[in-house]
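Asks: There's a structure below that I have some questions on.
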Number of protein chains: 2
Amino acid sequence: MTEIRQPTPRRGTNLPRMGDFNLTVILDAVRRSSGGLSRVELAQIVGLSPQTISNISRRLLDQSLIVEAGKEGSGPGKPRTILRLNPAGMYAVGVHLDPAVTTFVVLDLVGAVVQHSRVKTPDSGNPEAVIAAIAAEIEKLVEASGVDREKIAGLGIAAPGPIDHDNGAVVEPPLLDGWDRVLLRDALADATGLSVLMDKDVTSAAVAETWAGGPSGAGSFVFMYMGTGIGCGIVLNDEVVRGTSGNAGEIGHIIVDPDGPPCDCGLRGCVKSSCIPQVLVAEAQAAGILSDEGPLTGGSVVQERFAQLCEAADAGNSAAMAIIDKSAVLVARAASVVANTLDVDRVVFGGPFWGSLSRRYLELVPDLIQQNSDAGNIHAIEVVGTGVGEDVGAIGAACLVLEHTLAPRAQRLLLEG
Amino acid sequence: MTEIRQPTPRRGTNLPRMGDFNLTVILDAVRRSSGGLSRVELAQIVGLSPQTISNISRRLLDQSLIVEAGKEGSGPGKPRTILRLNPAGMYAVGVHLDPAVTTFVVLDLVGAVVQHSRVKTPDSGNPEAVIAAIAAEIEKLVEASGVDREKIAGLGIAAPGPIDHDNGAVVEPPLLDGWDRVLLRDALADATGLSVLMDKDVTSAAVAETWAGGPSGAGSFVFMYMGTGIGCGIVLNDEVVRGTSGNAGEIGHIIVDPDGPPCDCGLRGCVKSSCIPQVLVAEAQAAGILSDEGPLTGGSVVQERFAQLCEAADAGNSAAMAIIDKSAVLVARAASVVANTLDVDRVVFGGPFWGSLSRRYLELVPDLIQQNSDAGNIHAIEVVGTGVGEDVGAIGAACLVLEHTLAPRAQRLLLEG
DNA sequence: TTAGGGGAATCCTTGACTGAGATCCGCCAG
DNA sequence: CTGGCGGATCTCAGTCAAGGATTCCCCTAA
């Protein structure tokens, strides 16, 4: 353990990089504004001269990434021409590969869903066949959307962790037999002809929030992903934290309940063993809240019964409410650990199971997190639910492409090796 | 909780910024190399053309931040001229304000300690007098070092958290009465005439590692700070994570022992209640390992007895060893939580109490962390002890200045508001 | 003496900045 | 109703500064 792997050192930058970066900065400002911005406003916001804004605007107009959308003249003088994002300027395809269902979306530049489909994930141990099926579904979806293929910037894949980011493979995914270290990214690139990006589902969800989540996707935040498992996506200063192997956000073994049930790690009360939906459903069945007592096999069964549990809680069943409320306390503890460690001032909740939980969680969690906050005296911590719905995984996957292509990441400035 | 605070949007960049950034990139490459680099090597490393390197080298030579140090010719052709950091090119002053002792250092450009002193922190409730005393001590230290005042880039302060980074104040510091929200940074700037930066001690320690820690300070890592409390500093891709209010790294309430003692947060087995030195010393006293049974008042008493405990463990006292070993397990769990959440591949241990612990911890902790790693299948996690010694707080404080002035932070590229 | 590599001088390209001019609209007088 | 005036917005040329490409000079080993 004494030899330190020497990372690639920090590299320099040059003029073309600078130009491209400023372009993405302006695009980002336009994107984040509600209702567009004029060139003068842009100059003020990004700190560049009006001239430069004009030049870059022209480039963006030429690429039809933005459009001039009307004028706005209040007083005397030439009215400002408003620049807006052109939704049809670019598209991206997203796939969320989940043990239960595989979701597909085509997204436009503003992050709106143009086309959408879901298929049950085939549980064959034959990844090649599944990959071919995915490629075919993408083909069908793009066809149906009527989008010009030239306008499709790429394909994003969201997969359950852990993943091997360097090789574009999932590693020992639970409930996906035969998928260990299959080179999914390259296989799909070959099959579709698109450039492919791959990330964990929680990271994708966080990216979806930055791109399609409105004001709650700006700055720094932790995205609590409520899915089959519970994970988090991390965004610091508008940049997603991926970690060395793309596996940031693993919080399954944070201990949230010293009196909780034992976990496979040998301890007690981990997130993974005490507050994921599967555990809550099992608790509800043991308590006799859910009539159906069949085995909990597969993600879709869990999802269904979990929805029943939440409905019971919303309907006033006190035992069900107790289970949900307790889970809120535990999840809030996990969120607090991450929020305290990174000192963020916003926690965003989302994920496929969030819809059922949101009402009760939004009543309980804000106060719990505020109480647990180490920096609570200095700044409050906002707790919000995401605006991106159930398909956040697939939407996030598509947003990976948009983010990679158009977001003003500092990395974009640096020369490549 | 619905109103989202709109953060300052991402800003553009321009030519002068680019030039300055490239300068810092080159300086950083020279700094990180062992034994200097030639211009050609630099060109290859940072990706800029040889003559750009030449131009920037000239600027660095003019500012005497680097020096030409000999030639290196192996084969035919003109031998390479080696560029090295000039230790005397710049200095920085660092102060570590700790409840027990206040440490002062003057650092040169390579991070070597030029001058050093310690005084007991006066426990008066009169911050103004203490600030005046600190300023006087700095004056004395600079005088004694014989350093040209023009070469002093600034003053760094490391303070125990939580801090209010915006206002440069400590917030409700434990054991420091009367210091709540005193505007320490501005007061010291007025008193010394230096530009002052302030950060938490754990953040400062992480910065010290990036600047003076050798290869283990590159890339991404978590710095576990073993002090009166236990905290962590976070560095991702060579940039320190500070958080919205400068309070990142608060891990005191991560639960590491479900069977542990109760904590003031209402739960059990937090880091703060189960493995900080004060708790271990109390355990040792209860077990009769330490003969002296006096009260545990003040940081220096704890430090002294903790050293005795570690000595006993090193000497083979099995009860003492059990206490240290158990703490290693617990601290490893906390480190694992952070490492898993951020997916870093290195954990660096350090801090004032690290010296006593290092031998046993380095035997136990690497395996423990590897076992707890969620990404353990994908990459190993290195565990190393810092090269920066007991004064890491003050050295880190001085490094804050060097880092702010000379590190290739992406932030440097962006235009200011 | 020759070969080969390092470093500097020169010119080119490119992107942002500066200042003058064109454009557009509301206002107001005739 | 019409045309000139003023003010704000936007664009056109010129300048500046930084990195890139080419060329040349210098140095050392063989």
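The values are calculated or read from the model by the stated rules, or taken from the named source; none is laboratory data. For clarity, every value in this text was computed on a predicted model and none was experimentally measured. FYI the Cβ positions are ideal-geometry reconstructions off the backbone, even for glycines, and counts take in every protein chain you see. Note: areas computed on protein heavy atoms with side chains; ligands, DNA, RNA excluded. Shrake-Rupley method; radii C 1.70, N 1.55, O 1.52, S 1.80 Å.
Asks: What are the residue pairs meeting all of these: first residue in region A:12-25, first residue within 9 Å of DNA strand C (Cβ to nearest atom), second residue open to solvent by 60 Å² or more (accessible area, probe 1.4 Å) and modelled with pLDDT under 95, Cβ atoms under 8 Å, and 6 or more apart or on different chains?
Replies: Note: pairs meeting the criteria are A:Leu15/B:Leu15; A:Met18/B:Leu15; A:Leu23/A:Arg59.
Asks: At the interface with chain B (Cβ under 8 Å from one of its Cβ atoms) and either open to solvent by 10 Å² or more (accessible area, probe 1.4 Å) or at pLDDT 95 or above (or both): does that describe A:Ile230?
Replies: no
Asks: Looking at (1) in contact with a strand residue (DSSP E or B) (Cβ under 7 Å, 6 or more places away or on another chain); (2) surrounded by fewer than 24 Cβ atoms within 10 Å (Cβ to Cβ); (3) assigned to a loop (DSSP other than H, G, I, E, B), can you tell me which one B:Glu250 breaks?
Replies: Here B:Glu250 meets the rest and fails (2).
Asks: Of the conditions (1) touching a residue at least 24 places away in the same chain (Cβ under 8 Å); (2) part of a helix (DSSP H, G or I), B:Gln371 clears all except one; give me its number.
Replies: (1)
Asks: Continuing with this model, one more query. Tell me the residue from B:Ala339, B:Ala319 that is away from DNA strand D (no atom under 16 Å from the Cβ), touching a residue at least 24 places away in the same chain (Cβ under 8 Å), open to solvent by less than 10 Å² (accessible area, probe 1.4 Å) and part of a helix (DSSP H, G or I), please.
Replies: Step by step, each of B:Ala339, B:Ala319 is checked, and only B:Ala339 is away from DNA strand D (no atom under 16 Å from the Cβ), touching a residue at least 24 places away in the same chain (Cβ under 8 Å), open to solvent by less than 10 Å² (accessible area, probe 1.4 Å) and part of a helix (DSSP H, G or I).
Asks: Another question, then. For B:Leu194, indicate whether it is within 28 Å of B:Pro277 (Cα to Cα), open to solvent by 10 Å² or more (accessible area, probe 1.4 Å) and hydrophobic (A, V, I, L, M, F, W, C).
Replies: In short, no.
Asks: Output the residues belonging to region A:8-19 that are assigned to a helix (DSSP H, G or I), facing chain B (nearest Cβ under 8 Å) and open to solvent by 40 Å² or more (accessible area, probe 1.4 Å).
Replies: Of everything in region A:8-19, just one residue is assigned to a helix (DSSP H, G or I), facing chain B (nearest Cβ under 8 Å) and open to solvent by 40 Å² or more (accessible area, probe 1.4 Å), namely A:Leu15.
Asks: Is region B:131-149 home to any residue that is touching a residue at least 60 places away in the same chain (Cβ under 8 Å) and outside the structural domain of B:Gln63 (by TED's automatic domain parsing)?
Replies: Checking region B:131-149: at least one residue is touching a residue at least 60 places away in the same chain (Cβ under 8 Å) and outside the structural domain of B:Gln63 (by TED's automatic domain parsing).
Asks: Right, next: When the residues of region B:20-47 are narrowed to those that are within 10 Å of chain A (Cβ to nearest Cβ) and open to solvent by 20 Å² or more (accessible area, probe 1.4 Å), which ends up nearest to DNA strand D (Cβ to nearest atom)?
Replies: So, considering only residues that are within 10 Å of chain A (Cβ to nearest Cβ) and open to solvent by 20 Å² or more (accessible area, probe 1.4 Å), the one nearest to DNA strand D (Cβ to nearest atom) is B:Gly47.
Asks: Any residue at all in region A:67-82 that's over 20 Å from the mean Cα position of the chain (by Cα), within 17 Å of A:Val401 (Cβ to Cβ) and within 16 Å of DNA strand D (Cβ to nearest atom)? Can you show your working first?
Replies: Taking region A:67-82 and keeping what is over 20 Å from the mean Cα position of the chain (by Cα), we get A:67-82.
Then keep just the ones that are within 17 Å of A:Val401 (Cβ to Cβ); that gives none.
There is no residue in region A:67-82 that is over 20 Å from the mean Cα position of the chain (by Cα), within 17 Å of A:Val401 (Cβ to Cβ) and within 16 Å of DNA strand D (Cβ to nearest atom).
Asks: All but one of (1) within 22 Å of A:Ile26 (Cα to Cα); (2) surrounded by fewer than 22 Cβ atoms within 10 Å (Cβ to Cβ) hold for A:Ile53; state the number of the condition that does not hold.
Replies: (2)
Asks: Now, a different point. Filter region B:48-74 for residues that are within 14 Å of chain A (Cβ to nearest Cβ) and not in a helix (DSSP H, G or I); which is nearest to DNA strand C (Cβ to nearest atom)?
Replies: B:Ser49
Asks: Which residue pairs have Cβ atoms closer than 8 Å, lie 6 or more positions apart in sequence or on different chains, and pair a first residue in region A:374-388 that is more than 7 Å from chain B (Cβ to nearest Cβ) with a second residue that is among the aliphatic types (A, V, I, L, M) and open to solvent by 40 Å² or more (accessible area, probe 1.4 Å)?
Replies: Correct list of pairs: A:Gly385/A:Leu362.
Asks: Checking A:Gly77 against (1) in the same structural domain as A:Val40 (by TED's automatic domain parsing); (2) open to solvent by 50 Å² or more (accessible area, probe 1.4 Å); (3) not in a loop (DSSP other than H, G, I, E, B), only one condition comes out false. Which one?
Replies: Only one criterion is unmet by A:Gly77, namely (3).
Asks: One residue is enough: does region B:112-123 have a residue meeting the conditions among the small types (Gly, Ala, Ser), at pLDDT 85 or above and out of contact with any Cys (no Cβ under 6 Å at 6 or more places or on another chain)?
Replies: Yes, the conditions are met somewhere in region B:112-123.
Asks: Just to be sure before I move on: is B:Val384 open to solvent by less than 10 Å² (accessible area, probe 1.4 Å) and not acidic (Asp, Glu) in the structure I sent?
Replies: Here the answer is no, as B:Val384 does not meet what is asked.
Asks: Is at least one residue of region A:172-190 farther than 29 Å from A:Ile66 by Cβ, under 18 Å from the mean Cα position of the chain (by Cα) and within 14 Å of chain B (Cβ to nearest Cβ)?
Replies: Within region A:172-190, not a single residue is farther than 29 Å from A:Ile66 by Cβ, under 18 Å from the mean Cα position of the chain (by Cα) and within 14 Å of chain B (Cβ to nearest Cβ).
Asks: Now for a separate question. Taking A:Thr203 and the conditions (1) among the polar types (S, T, N, Q); (2) open to solvent by 10 Å² or more (accessible area, probe 1.4 Å); (3) closer than 23 Å to A:Val302 by Cβ; (4) at pLDDT 95 or above, which numbered condition does it fall short on, given that it satisfies the others?
Replies: Here A:Thr203 meets the rest and fails (2).
Asks: Can you tell me which residues in region A:96-113 are more than 15 Å from the chain's Cα centre (by Cα), more than 30 Å from A:Asp177 (Cα to Cα) and either free of Cβ contacts under 8 Å to residues at least 40 places away in the same chain or open to solvent by less than 20 Å² (accessible area, probe 1.4 Å) (or both)?
Replies: Within region A:96-113, A:Asp108, A:Leu109 qualify.
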